[in-house]
Amino acid sequence: MRVSMADVAAKAGVSAQTVSRVANGSPRVDPATRVRVEKAMADLGYRMHRAARALRTGQTSTIGLVVSTLASVGNSRMLQAISEAAAARDYALAVVTVGERGIREAFARLRSQGVDGAVVLNEATELARDAEPPADLHLVVVDSPPDARFSIVQTDHAGGARAATEHLLSRGHATVHHLAGPVRSFAAAERERGWRAALADAGAVVPEPVRGDWTSASGHSAASGLADATALFVANDQMALGALRALADAGRRVPEDVAVVGFDDIVDAAEYRPPLTTVRQDFDALGRRVVAALVAAIEGGESAAESVPAALVVRASSGVA
(Lines give C-alpha, C1' and ligand atoms only; values in the text may rest on other atoms or scores of the structure.)
Protein backbone atom coordinates (compact mmCIF):
# COMPACT_ATOMS: atom_id res chain seq x y z
CA MET A 1 0.00 0.00 0.00
CA ARG A 2 1.39 3.40 -1.02
CA VAL A 3 2.13 5.81 1.84
CA SER A 4 0.59 9.25 1.27
CA MET A 5 1.46 12.74 2.49
CA ALA A 6 -1.64 12.55 4.69
CA ASP A 7 -0.24 9.44 6.39
CA VAL A 8 3.05 11.23 7.08
CA ALA A 9 1.23 14.34 8.30
CA ALA A 10 -0.87 12.28 10.73
CA LYS A 11 2.16 10.48 12.16
CA ALA A 12 4.20 13.69 12.51
CA GLY A 13 1.27 15.73 13.86
CA VAL A 14 1.54 18.43 11.16
CA SER A 15 -0.42 19.52 8.11
CA ALA A 16 -0.05 17.95 4.67
CA GLN A 17 1.20 21.34 3.46
CA THR A 18 4.10 21.15 5.94
CA VAL A 19 4.96 17.64 4.70
CA SER A 20 4.96 18.99 1.13
CA ARG A 21 7.31 21.80 2.10
CA VAL A 22 9.73 19.35 3.74
CA ALA A 23 9.58 16.99 0.75
CA ASN A 24 10.38 19.82 -1.64
CA GLY A 25 13.20 21.26 0.44
CA SER A 26 11.47 24.51 1.34
CA PRO A 27 13.36 26.66 3.89
CA ARG A 28 10.01 27.74 5.38
CA VAL A 29 9.93 24.91 7.92
CA ASP A 30 11.03 25.01 11.56
CA PRO A 31 14.15 22.78 11.98
CA ALA A 32 12.57 20.73 14.77
CA THR A 33 9.44 20.20 12.67
CA ARG A 34 11.54 19.20 9.68
CA VAL A 35 13.31 16.54 11.77
CA ARG A 36 9.96 15.20 13.00
CA VAL A 37 8.53 15.03 9.47
CA GLU A 38 11.66 13.40 8.04
CA LYS A 39 11.55 10.78 10.80
CA ALA A 40 7.90 10.06 10.01
CA MET A 41 8.81 9.70 6.32
CA ALA A 42 11.58 7.25 7.17
CA ASP A 43 9.43 5.27 9.61
CA LEU A 44 6.61 4.91 7.08
CA GLY A 45 8.86 4.37 4.05
CA TYR A 46 7.41 7.42 2.26
CA ARG A 47 8.72 8.25 -1.21
CA MET A 48 7.74 11.34 -3.19
CA HIS A 49 6.04 10.44 -6.49
CA ARG A 50 8.69 11.46 -9.03
CA ALA A 51 6.28 12.53 -11.79
CA ALA A 52 4.20 14.62 -9.40
CA ARG A 53 7.31 16.33 -8.05
CA ALA A 54 8.47 17.08 -11.61
CA LEU A 55 5.17 18.80 -12.36
CA ARG A 56 5.46 20.97 -9.25
CA THR A 57 9.16 21.85 -9.38
CA GLY A 58 10.13 21.51 -13.05
CA GLN A 59 12.83 19.01 -12.01
CA THR A 60 12.82 15.27 -12.66
CA SER A 61 15.14 14.27 -9.80
CA THR A 62 17.17 12.35 -12.36
CA ILE A 63 20.86 12.86 -13.01
CA GLY A 64 22.93 11.59 -15.91
CA LEU A 65 26.30 9.87 -16.10
CA VAL A 66 28.50 10.20 -19.21
CA VAL A 67 31.24 7.58 -19.50
CA SER A 68 33.55 6.38 -22.27
CA THR A 69 33.67 2.79 -21.03
CA LEU A 70 32.55 0.71 -18.09
CA ALA A 71 35.12 -2.00 -18.78
CA SER A 72 37.74 -0.51 -16.45
CA VAL A 73 37.57 -1.30 -12.74
CA GLY A 74 37.78 2.37 -11.74
CA ASN A 75 34.84 3.38 -13.93
CA SER A 76 32.65 0.51 -12.76
CA ARG A 77 33.48 1.33 -9.13
CA MET A 78 32.57 4.97 -9.75
CA LEU A 79 29.28 3.94 -11.39
CA GLN A 80 28.36 1.96 -8.29
CA ALA A 81 29.40 4.75 -5.91
CA ILE A 82 27.50 7.45 -7.83
CA SER A 83 24.43 5.22 -8.17
CA GLU A 84 24.33 4.59 -4.42
CA ALA A 85 24.93 8.25 -3.57
CA ALA A 86 22.17 9.34 -5.96
CA ALA A 87 19.73 6.80 -4.52
CA ALA A 88 20.49 8.05 -1.00
CA ARG A 89 19.30 11.49 -2.14
CA ASP A 90 16.28 9.99 -3.93
CA TYR A 91 17.67 10.74 -7.40
CA ALA A 92 17.41 8.34 -10.32
CA LEU A 93 20.44 7.76 -12.56
CA ALA A 94 20.57 7.62 -16.37
CA VAL A 95 23.81 6.29 -17.90
CA VAL A 96 25.01 7.01 -21.45
CA THR A 97 28.27 5.99 -23.11
CA VAL A 98 30.15 8.18 -25.57
CA GLY A 99 29.78 6.37 -28.88
CA GLU A 100 30.96 7.15 -32.39
CA ARG A 101 28.79 10.29 -32.56
CA GLY A 102 30.67 11.88 -29.65
CA ILE A 103 29.91 13.61 -26.41
CA ARG A 104 27.49 16.15 -27.89
CA GLU A 105 25.22 13.25 -28.83
CA ALA A 106 25.59 11.87 -25.29
CA PHE A 107 24.52 15.24 -23.86
CA ALA A 108 21.58 15.37 -26.29
CA ARG A 109 20.41 11.92 -25.20
CA LEU A 110 20.50 12.97 -21.55
CA ARG A 111 18.61 16.17 -22.23
CA SER A 112 15.93 14.19 -24.08
CA GLN A 113 15.50 12.19 -20.86
CA GLY A 114 14.95 15.41 -18.91
CA VAL A 115 17.86 15.04 -16.50
CA ASP A 116 18.50 17.87 -14.07
CA GLY A 117 22.29 17.60 -14.44
CA ALA A 118 25.05 15.18 -15.34
CA VAL A 119 28.36 13.72 -14.20
CA VAL A 120 31.15 13.29 -16.75
CA LEU A 121 33.46 10.48 -15.73
CA ASN A 122 37.22 10.11 -16.10
CA GLU A 123 38.20 9.45 -19.75
CA ALA A 124 35.14 11.34 -21.03
CA THR A 125 36.26 14.53 -19.27
CA GLU A 126 38.72 15.41 -22.04
CA LEU A 127 35.84 15.27 -24.52
CA ALA A 128 33.73 17.50 -22.27
CA ARG A 129 36.52 20.08 -22.07
CA ASP A 130 36.90 20.17 -25.85
CA ALA A 131 33.15 20.43 -26.47
CA GLU A 132 30.91 23.30 -25.41
CA PRO A 133 28.66 21.90 -22.69
CA PRO A 134 24.94 22.74 -23.03
CA ALA A 135 24.20 25.94 -21.15
CA ASP A 136 21.08 24.45 -19.58
CA LEU A 137 22.74 21.26 -18.31
CA HIS A 138 24.47 21.38 -14.92
CA LEU A 139 27.72 19.40 -15.04
CA VAL A 140 30.17 17.93 -12.56
CA VAL A 141 33.36 16.55 -14.10
CA VAL A 142 35.46 13.87 -12.42
CA ASP A 143 39.22 14.45 -12.87
CA SER A 144 39.89 17.61 -14.85
CA PRO A 145 42.07 20.72 -14.81
CA PRO A 146 40.30 23.85 -13.50
CA ASP A 147 37.41 24.97 -15.71
CA ALA A 148 34.90 27.68 -14.80
CA ARG A 149 32.15 26.00 -16.85
CA PHE A 150 31.53 23.17 -14.38
CA SER A 151 32.30 21.80 -10.95
CA ILE A 152 35.22 19.39 -10.59
CA VAL A 153 35.72 16.55 -8.13
CA GLN A 154 38.91 14.52 -8.23
CA THR A 155 41.19 12.25 -6.27
CA ASP A 156 44.49 13.74 -5.12
CA HIS A 157 46.33 11.65 -7.72
CA ALA A 158 49.59 13.57 -7.42
CA GLY A 159 49.64 13.30 -3.64
CA GLY A 160 48.97 9.57 -3.78
CA ALA A 161 51.70 9.04 -6.37
CA ARG A 162 54.15 11.04 -4.32
CA ALA A 163 53.40 8.89 -1.26
CA ALA A 164 53.93 5.72 -3.31
CA THR A 165 57.26 6.95 -4.68
CA GLU A 166 58.52 8.20 -1.32
CA HIS A 167 57.60 4.83 0.20
CA LEU A 168 59.74 3.00 -2.36
CA LEU A 169 62.63 5.43 -1.89
CA SER A 170 62.40 4.91 1.88
CA ARG A 171 63.05 1.20 1.27
CA GLY A 172 66.52 2.12 0.02
CA HIS A 173 66.02 2.19 -3.76
CA ALA A 174 68.17 4.68 -5.67
CA THR A 175 65.27 5.60 -7.95
CA VAL A 176 61.79 4.44 -8.91
CA HIS A 177 60.67 3.55 -12.43
CA HIS A 178 57.13 4.38 -13.57
CA LEU A 179 54.63 2.46 -15.67
CA ALA A 180 52.34 5.35 -16.61
CA GLY A 181 48.80 5.57 -18.00
CA PRO A 182 47.68 7.02 -21.35
CA VAL A 183 49.19 10.33 -22.45
CA ARG A 184 45.86 12.20 -22.66
CA SER A 185 44.51 11.01 -19.31
CA PHE A 186 44.34 13.70 -16.61
CA ALA A 187 44.62 11.11 -13.82
CA ALA A 188 47.66 9.52 -15.46
CA ALA A 189 49.32 12.91 -15.88
CA GLU A 190 48.71 13.83 -12.24
CA ARG A 191 50.12 10.52 -11.02
CA GLU A 192 53.18 11.01 -13.19
CA ARG A 193 53.54 14.54 -11.81
CA GLY A 194 53.53 13.28 -8.22
CA TRP A 195 56.11 10.59 -9.07
CA ARG A 196 58.41 13.12 -10.74
CA ALA A 197 58.09 15.58 -7.86
CA ALA A 198 59.03 12.95 -5.27
CA LEU A 199 62.12 11.90 -7.24
CA ALA A 200 63.17 15.50 -7.84
CA ASP A 201 62.84 16.36 -4.15
CA ALA A 202 64.98 13.33 -3.26
CA GLY A 203 67.64 14.26 -5.84
CA ALA A 204 67.07 10.92 -7.58
CA VAL A 205 67.41 10.18 -11.29
CA VAL A 206 64.08 10.38 -13.11
CA PRO A 207 63.91 7.43 -15.53
CA GLU A 208 61.93 7.69 -18.76
CA PRO A 209 58.47 6.27 -17.98
CA VAL A 210 57.00 3.42 -19.98
CA ARG A 211 53.32 3.66 -20.81
CA GLY A 212 50.23 1.46 -20.92
CA ASP A 213 46.50 1.91 -21.52
CA TRP A 214 45.21 0.89 -18.05
CA THR A 215 44.76 -2.80 -19.02
CA SER A 216 46.69 -5.67 -17.47
CA ALA A 217 47.82 -6.76 -20.97
CA SER A 218 49.44 -3.37 -21.57
CA GLY A 219 51.11 -3.59 -18.15
CA HIS A 220 52.59 -6.95 -19.08
CA SER A 221 53.89 -5.61 -22.39
CA ALA A 222 55.32 -2.38 -20.98
CA ALA A 223 56.98 -3.99 -17.95
CA SER A 224 58.92 -6.33 -20.24
CA GLY A 225 61.23 -3.39 -20.98
CA LEU A 226 62.10 -2.62 -17.34
CA ALA A 227 65.02 -5.01 -16.88
CA ASP A 228 67.02 -2.49 -14.82
CA ALA A 229 64.25 -1.53 -12.39
CA THR A 230 64.49 -2.42 -8.71
CA ALA A 231 61.43 -0.36 -7.78
CA LEU A 232 58.33 0.22 -9.91
CA PHE A 233 55.36 2.53 -9.37
CA VAL A 234 52.47 1.51 -11.63
CA ALA A 235 49.68 3.97 -12.44
CA ASN A 236 46.88 1.49 -11.73
CA ASP A 237 46.38 -1.94 -10.21
CA GLN A 238 45.29 -3.62 -13.42
CA MET A 239 48.56 -2.72 -15.16
CA ALA A 240 50.40 -3.75 -11.99
CA LEU A 241 48.87 -7.23 -12.34
CA GLY A 242 50.30 -7.48 -15.86
CA ALA A 243 53.65 -6.15 -14.64
CA LEU A 244 53.82 -8.82 -11.92
CA ARG A 245 53.34 -11.52 -14.55
CA ALA A 246 55.98 -9.96 -16.83
CA LEU A 247 58.49 -9.86 -13.99
CA ALA A 248 57.72 -13.49 -13.10
CA ASP A 249 58.15 -14.46 -16.77
CA ALA A 250 61.61 -12.83 -16.68
CA GLY A 251 62.57 -14.76 -13.54
CA ARG A 252 62.53 -11.64 -11.35
CA ARG A 253 61.06 -12.00 -7.85
CA VAL A 254 58.72 -9.49 -6.23
CA PRO A 255 59.65 -7.95 -3.85
CA GLU A 256 63.13 -9.51 -3.53
CA ASP A 257 64.37 -8.27 -6.94
CA VAL A 258 61.77 -5.63 -7.78
CA ALA A 259 59.44 -3.76 -5.42
CA VAL A 260 56.06 -2.87 -6.95
CA VAL A 261 53.37 -0.36 -5.96
CA GLY A 262 50.06 0.18 -7.78
CA PHE A 263 47.24 2.71 -7.62
CA ASP A 264 43.48 2.34 -6.90
CA ASP A 265 43.37 -0.50 -4.33
CA ILE A 266 40.85 -2.50 -6.32
CA VAL A 267 38.96 -5.25 -4.49
CA ASP A 268 41.40 -7.99 -5.56
CA ALA A 269 44.64 -6.10 -4.86
CA ALA A 270 45.19 -7.92 -1.58
CA GLU A 271 44.84 -11.25 -3.42
CA TYR A 272 47.63 -10.59 -5.94
CA ARG A 273 50.78 -12.68 -5.57
CA PRO A 274 52.35 -11.12 -3.66
CA PRO A 275 49.61 -8.90 -2.13
CA LEU A 276 49.91 -5.51 -3.79
CA THR A 277 51.04 -2.35 -2.06
CA THR A 278 48.89 0.35 -3.64
CA VAL A 279 47.32 3.79 -3.28
CA ARG A 280 43.67 3.61 -2.28
CA GLN A 281 41.14 5.76 -4.09
CA ASP A 282 38.08 6.25 -1.90
CA PHE A 283 35.46 5.62 -4.59
CA ASP A 284 32.56 5.82 -2.13
CA ALA A 285 33.66 9.26 -0.92
CA LEU A 286 34.18 10.37 -4.52
CA GLY A 287 30.66 9.27 -5.42
CA ARG A 288 29.16 11.14 -2.48
CA ARG A 289 31.13 14.31 -3.25
CA VAL A 290 30.22 14.15 -6.95
CA VAL A 291 26.49 13.79 -6.30
CA ALA A 292 26.53 16.46 -3.58
CA ALA A 293 28.28 18.91 -5.93
CA LEU A 294 25.80 18.20 -8.72
CA VAL A 295 22.76 18.57 -6.48
CA ALA A 296 24.20 21.86 -5.20
CA ALA A 297 24.62 23.08 -8.80
CA ILE A 298 21.07 22.02 -9.67
CA GLU A 299 19.80 23.98 -6.68
CA GLY A 300 21.57 27.14 -7.81
CA GLY A 301 24.97 26.87 -6.16
CA GLU A 302 28.21 28.04 -7.73
CA SER A 303 30.72 25.73 -9.40
CA ALA A 304 33.53 24.49 -7.17
CA ALA A 305 36.56 22.20 -7.17
CA GLU A 306 37.09 19.46 -4.60
CA SER A 307 39.91 16.98 -4.04
CA VAL A 308 39.56 13.68 -2.16
CA PRO A 309 42.74 12.37 -0.44
CA ALA A 310 44.32 9.07 -1.48
CA ALA A 311 46.00 6.80 1.08
CA LEU A 312 48.95 4.43 0.70
CA VAL A 313 48.16 0.81 1.68
CA VAL A 314 51.37 -1.14 2.35
CA ARG A 315 51.42 -4.86 1.57
CA ALA A 316 54.07 -7.42 0.67
CA SER A 317 54.86 -6.35 -2.92
CA SER A 318 56.94 -3.32 -1.90
CA GLY A 319 59.27 -5.35 0.36
CA VAL A 320 62.68 -4.13 1.51
CA ALA A 321 65.45 -3.21 -0.94
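Laid out as a table, the results:
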item: Residue among A223, A231 that is out of contact with any Lys or Arg (no Cβ under 8 Å at 6 or more places or on another chain), crowded, with 21+ Cβ neighbours inside 10 Å and within 23 Å of Y272 (Cβ to Cβ); result: A223
item: Candidates G160, G99, filtered to the one that is of a type outside the set (V, I, T) and closer than 25 Å to A222 by Cβ; result: G160
item: Residue match in the stretch 147-155 (condition: in contact with a helix residue (DSSP H, G or I) (Cβ under 6 Å, 6 or more places away or on another chain), farther than 30 Å from G45 by Cα, surrounded by 21 or more Cβ atoms within 10 Å (Cβ to Cβ) and not β-branched (V, I, T)); result: yes
item: Condition check for G242: farther than 19 Å from T175 by Cα and surrounded by 24 or more Cβ atoms within 10 Å (Cβ to Cβ); result: no
item: Test: residue in the stretch 126-140 that is under 21 Å from A292 (Cα atoms), crowded, with 23+ Cβ neighbours inside 10 Å and modelled with pLDDT of 90 or more; result: yes
item: Residue within the stretch 272-291 that is surrounded by fewer than 21 Cβ atoms within 10 Å (Cβ to Cβ), over 23 Å from A158 (Cα atoms) and of a type in the set (G, A, S) present; result: no
item: Near pairs, Cβ below 9 angstrom, 6+ apart or cross-chain, from the stretch 27-49 (within 22 Å of A87 (Cβ to Cβ)) to any residue that is at pLDDT 85 or above and part of a loop (DSSP other than H, G, I, E, B); result: V37/V14; A40/G13; A40/V14
item: Residue match in the stretch 297-311 (condition: in the same structural domain as F150 (by TED's automatic domain parsing), in contact with a Pro (Cβ under 8 Å, 6 or more places away or on another chain) and small (G, A, S)); result: yes
item: Members of the stretch 293-321 that are part of a loop (DSSP other than H, G, I, E, B), polar (S, T, N, Q) and touching a His at 6+ places or on another chain (Cβ under 7 Å); result: none
item: Qualifying positions in the stretch 299-316 - among the charged types (D, E, K, R) and surrounded by fewer than 16 Cβ atoms within 10 Å (Cβ to Cβ); result: E299, E302, E306
item: Single unsatisfied condition, R289 versus (1) of a type in the set (D, E, K, R); (2) in a loop (DSSP other than H, G, I, E, B); (3) touching a residue at least 24 places away in the same chain (Cβ under 8 Å); result: (2)
item: Single residue of the stretch 250-272 satisfying the filter (of a type in the set (G, A, S) and touching a strand residue (DSSP E or B) at 6+ places or on another chain (Cβ under 6 Å)) that is farthest from G225 (Cα to Cα); result: A269
item: Hey, V176 aliphatic (A, V, I, L, M) and outside the structural domain of A204 (by TED's automatic domain parsing) or not; result: no
item: Residues being outside any loop (DSSP other than H, G, I, E, B) and free of Cβ contacts under 8 Å to residues at least 40 places away in the same chain - total across the stretch 263-279; result: 1
item: Count of residues meeting criterion [touching an Asp or Glu at 6+ places or on another chain (Cβ under 6 Å) and β-branched (V, I, T)] in the stretch 279-301; result: 1
item: Residue in the stretch 109-120 that is surrounded by the fewest Cβ atoms within 10 Å (Cβ to Cβ), counting only those that are in contact with a helix residue (DSSP H, G or I) (Cβ under 6 Å, 6 or more places away or on another chain) and among the aliphatic types (A, V, I, L, M); result: A118
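This table checks each residue for (1) more than 17 Å from V142 (Cβ to Cβ); (2) assigned by TED's automatic domain parsing to the domain that holds A297; (3) at pLDDT below 80; (4) charged (D, E, K, R).
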{"site": "T18", "(1), (2), (3), (4)": "yes, no, no, no"}
{"site": "G25", "(1), (2), (3), (4)": "yes, no, yes, no"}
{"site": "D30", "(1), (2), (3), (4)": "yes, no, no, yes"}
{"site": "E38", "(1), (2), (3), (4)": "yes, no, no, yes"}
{"site": "R53", "(1), (2), (3), (4)": "yes, no, yes, yes"}
{"site": "R56", "(1), (2), (3), (4)": "yes, no, yes, yes"}
{"site": "T69", "(1), (2), (3), (4)": "no, yes, no, no"}
{"site": "Q80", "(1), (2), (3), (4)": "no, yes, no, no"}
{"site": "R109", "(1), (2), (3), (4)": "yes, yes, no, yes"}
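The values are calculated or read from the model by the stated rules, or taken from the named source; none is laboratory data. Since this is a predicted model, take the numbers as computed values, not measurements. Note: ideal-geometry Cβ built from the backbone for every residue, glycine included; neighbour counts use all protein chains shown.
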